[in-house]
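Data block below; observations after.
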């Protein structure tokens, strides 16, 4: 299924926002990062194993931005909720005042994480879309995974086999809840960007010899946001009542000011 997208969208609109940014306009706010990092130092001592979480600076090249939360839309099969559809991602403030949503991964097929306040089903499916460049140079959002059969909560969707990210290239991804299959304007959207980076040989060797909990800590320390969320979410799903695991999960989400989602279940 191929979905053509016209760029740019209006940031003030409720729907999807996609803006291509000129490199000279991109910067990040040290104050924002400092404010995000502060809770980590304050809360790490509460866990037996200290978890240090690093947010890397925004790329110095032009890239993509989007929206972290789905806006309220009328109609369809998505009732009003207190907490909207939300992408689990860091938000940077650009020099022009706009928000830049982005994270790094070392996985060629990363998992993208969103909080979905609705159950997903055949009549109300979710869709993971990835922006790809066609042979003619056009950029389109392609549906790569359809999701149903999940309960409300934090949902992870991995890129399927055959869809991989090239190193050092920013991609836009979008998660859509199709509230009305016949009316796209009723659907809920979140979108953000991802860049795949390659680990050093030393780091790759550390990861090969690490336990799952050690891998999670390494991902967080090295600033691989998508991999850290995937690792910590897997640990929490496997041990939902473990105090240390829950503390680390809360610490991770607090880094990006999403600790209000820390108590939500990892959906099936």
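Throughout, read-outs are computed from the coordinates displayed, never taken from laboratory work. Keep in mind it's a predicted model, so treat the numbers as computed, not measured. Positions of Cβ are generated from backbone atoms using ideal geometry, with glycine treated the same way; all protein chains shown enter the neighbour counts.
Hey, fewest Cβ within 10 Å first, where do 108, 127 land in order?
Final ranking by Cβ density, sparse to dense: 108, 127.
Give the distance, in whole Å, between the Cα centre of the stretch 193-226 and the Cα centre of the stretch 159-175.
What the calculation gives is 18 Å, centre to centre.
As a footprinting exposure proxy, order 138, 107 by other Cβ within 10 Å, with the fewest listed first.
Placing the least packed residue first, the sequence is 138, 107.
Rank the residues 146, 192, 230 as a footprinting-exposure proxy: fewest other Cβ atoms within 10 Å of their Cβ go first.
Details: 146 15, 192 26, 230 22.
Ordered from fewest to most neighbouring Cβ atoms within 10 Å, 146, 192, 230 come out as 146, 230, 192.
Using the C-alpha gyration tensor of the stretch 147-268, what are the square roots of 5 times its eigenvalues, in whole angstrom, with the largest one first?
With the √(5λ) rule applied to the stretch 147-268, the semi-axes are 27, 21, 13 Å.
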